[in-house]
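Below: one structure, written as structure tokens.
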Amino acid sequence: MKYDYDLIILGSGPAGFSAAMQSTKFGKKVLLVEADAKHLGGAWINAGTVPSKALREAAASIFKYNQLFGADGASRNYQRYKMADLLRFKDQVVKYENSEVKRNLIKNEVHTARGMGHLLDPHTVEVSDHLGTRKKYRAEFILLATGSSGSKPKNFEVDHRLVVDNRSLVNMSHVPKRLVIIGGGVNAIEYATIFSALGTKVNLLSSRETYLPFLDSEIKKEFDLALSQQRMVIHTQVYVEGVSENPLRNCTEVKYRSLKDNELRVLETEQVLHFGIRQPNTRGIGLEEVGIEMNEEGYISVNGHYQTSVPSVYAAGDIVGFPGLASASFTQGRIASCHMANIDNVKLSGAHPFGIYTIPEISSIGLTEDEAISQGLDFAVGRAFYKELTKSSVSNTTLGLLKLIIDRKTLNLLGVHVIGENACDIIHIGQAVMKNKIDVRYFVDNILNYPTFSEAYRVAAFNGLNRINKSGVKYRSLISSEKDS
Ligand SMILES: Cc1cc2nc3c(=O)[nH]c(=O)nc-3n(C[C@H](O)[C@H](O)[C@H](O)COP(=O)(O)OP(=O)(O)OC[C@H]3O[C@@H](n4cnc5c(N)ncnc54)[C@H](O)[C@@H]3O)c2cc1C
């Protein structure tokens, strides 16, 4: 046999895992190489998506329970709930998800090798394990799915004691009373709302001009309202100049300078949580040696099949850049695997959803209202505020908005934006309707379970149709698909 394997994959995160699963379904012999000596599943299971979502669910449950039954007035959530209990829950979830990855790999007969893999040529990978042993493997195809890592701060050190990151926050002995989060991306804001829900006074320091700038502006306004009700302050356009311990005041001091007025300010805190900018794990994997092209930002350049400039080598997941999500990585790995099996019509098409697991959560797909305006489209907006839904009353959650961007002529959806409970789940109803070009009357003509958050689609569709009606289109023709005369 010319090759040892049909496919060798570097990295067992969502991109590598899904490619392995799909390729074994095609009857391919797969070797999965993982640098982490203990765990499979990458940042997805061990440091990113799954642990943060487990902590988020725990914090959201505590927040909700306390709003309903818990207020004793005497103590805050951070005093009542133990970090150790939250971490125990997170560990339990991570352990289970780890075992699921392992079970699936074994069931589908994927071989694994532990160690750092790097390319020697377009068909050969060398794996160096923790003892320094090196072994070469050859395959018809290679998939690079080595993920990304957070950049290190310049003016202070992540010592995993005063300053922790998303991996070492497990070192926190208790839910802090005060927390400074440094970073302005989605993960930083998610963690800010997690701790805020636990009663921690959170200050978030970001060098960016604003936060979550890609959101529909009305959804952002609702989010700002939610933040103002929590004990959180977001400082934008600031640079952290240093972090140090102040034993006299028994606190940690974070010195930061505002770009707006150049003032140096100090925040006293108990704990600092740092989120670096995500950077692709491209070093030391043999890209230059084999001639794999990268873009100006250092991500691997790929075509629509996730194939690199070297035809036998594919790349997927964070290593290829935007959107840098587990959700997208799963699909990218699968598309690469299909192309290797000569199926080239499996491709990403149209808009894809974004889920932001803040408290409250946010999700969107397609055009925002501002984008529809700037493109000069003829559209109407349909809104449903959560406080209009029975499900919200019974769930004791009134903050929330679902917004539909509707094409006036076809009544098809151009965009869906949701903030509020279950936003990241119910977005997929809009996604299915949008992708299949079913018009918004679907939501008013069909029975939807009651009470549900999904009902927001019905309310928003009625709202949008009413607006189109008011602008002169006959209501009868709107709801019966007869042509307006
Ligand atoms: C705090 C946080 C929260 C997040 N929350 C979400 C979320 O809610 N939803 C979402 O969709 N995404 C989320 N993400 C993003 C998501 O985790 C990543 O987009 C996703 O894990 C990327 O998948 P990947 O397959 O590219 O790589 P990873 O999951 O990063 O896996 C890469 C693997 O490759 C291994 N590796 C590296 N170099 C080598 C080598 N040379 N040889 C062999 N193995 C190697 C690494 O050890 C690692 O196991 C979050 C990220 C973070 C940090």
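Screening V320 against (1) within 16 Å of the ligand (Cβ to nearest atom); (2) among the aliphatic types (A, V, I, L, M); (3) assigned by TED's automatic domain parsing to the domain that holds I426 leaves a single unmet condition, (3).
Among the residues of segment 353-396, just one is over 26 Å from the mean Cα position of the chain (by Cα) and among the aromatic types (F, W, Y), namely F379. Report whether or not I335 is β-branched (V, I, T), touching a Pro at 6+ places or on another chain (Cβ under 9 Å) and within 20 Å of G147 (Cα to Cα). For I335, the condition - β-branched (V, I, T), touching a Pro at 6+ places or on another chain (Cβ under 9 Å) and within 20 Å of G147 (Cα to Cα) - is not met. For E263, the criteria (1) surrounded by 13 or more Cβ atoms within 10 Å (Cβ to Cβ); (2) away from the ligand (no atom under 12 Å from the Cβ) hold in every case but one, which is (1). Within segment 309-337, the set of residues being outside any loop (DSSP other than H, G, I, E, B) and under 13 Å from A20 (Cβ atoms) comprises Y314, G317, S329, F330, G333, R334, A336, S337. The residue list E109, E97 contains one member that is within 28 Å of H130 (Cα to Cα) and either loosely packed, with under 14 Cβ neighbours inside 10 Å or hydrophobic (A, V, I, L, M, F, W, C) (or both), which is E109. State whether one or more residues within segment 80-92 are in a helix (DSSP H, G or I) and touching a Phe, Trp or Tyr at 6+ places or on another chain (Cβ under 6 Å). Among the residues of segment 80-92, not one is in a helix (DSSP H, G or I) and touching a Phe, Trp or Tyr at 6+ places or on another chain (Cβ under 6 Å), which makes the answer no. Would you check if there is a residue in segment 390-398 being touching a Cys at 6+ places or on another chain (Cβ under 7 Å), modelled with pLDDT under 95, β-branched (V, I, T) and not assigned by TED's automatic domain parsing to the domain that holds E140? Among the residues of segment 390-398, not one is touching a Cys at 6+ places or on another chain (Cβ under 7 Å), modelled with pLDDT under 95, β-branched (V, I, T) and not assigned by TED's automatic domain parsing to the domain that holds E140, which makes the answer no. When the residues of segment 397-424 are filtered to those that are touching a residue at least 40 places away in the same chain (Cβ under 8 Å), under 25 Å from the mean Cα position of the chain (by Cα) and not in a strand (DSSP E or B), the one that is nearest to L325 (Cα to Cα) is C424. Within segment 112-126, if we keep just the residues that are within 9 Å of the ligand (Cβ to nearest atom) and out of contact with any His (no Cβ under 8 Å at 6 or more places or on another chain), the residue that is nearest to A20 (Cα to Cα) turns out to be A113. Out of R138, R178, one residue alone is outside the structural domain of L40 (by TED's automatic domain parsing) and of a type in the set (K, R). It is R178.
Quick one: in segment 299-308, which of the residues that are more than 12 Å from the ligand (Cβ to nearest atom) and not in a strand (DSSP E or B) is farthest from the chain's Cα centre (by Cα)? Applying the filter and picking the extreme gives T308.
Please work out if L273 is at pLDDT 95 or above, surrounded by 19 or more Cβ atoms within 10 Å (Cβ to Cβ) and within 16 Å of the ligand (Cβ to nearest atom). Judged against the criteria, L273 is a match. Residue count for segment 137-193 under the criterion of being touching a helix residue (DSSP H, G or I) at 6+ places or on another chain (Cβ under 7 Å), within 16 Å of the ligand (Cβ to nearest atom) and of a type in the set (A, V, I, L, M): the result is 8. Filtering segment 50-80 to residues that are over 15 Å from V170 (Cα atoms) and hydroxyl-bearing (S, T, Y) leaves S61, Y65, S75, Y78.
Looking across segment 403-423, the residues that are in contact with a strand residue (DSSP E or B) (Cβ under 7 Å, 6 or more places away or on another chain) and over 22 Å from S61 (Cα atoms) come down to K403, L404, I405, I406, D407, R408, L413, L414, G415, V416, H417.
The values are calculated or read from the model by the stated rules, or taken from the named source; none is laboratory data. Predicted, not measured: the structure shown is a model, and the values here were computed from it. Every residue, glycine as well, gets a Cβ built from its backbone with ideal geometry; the counts of neighbours run over all protein chains shown.
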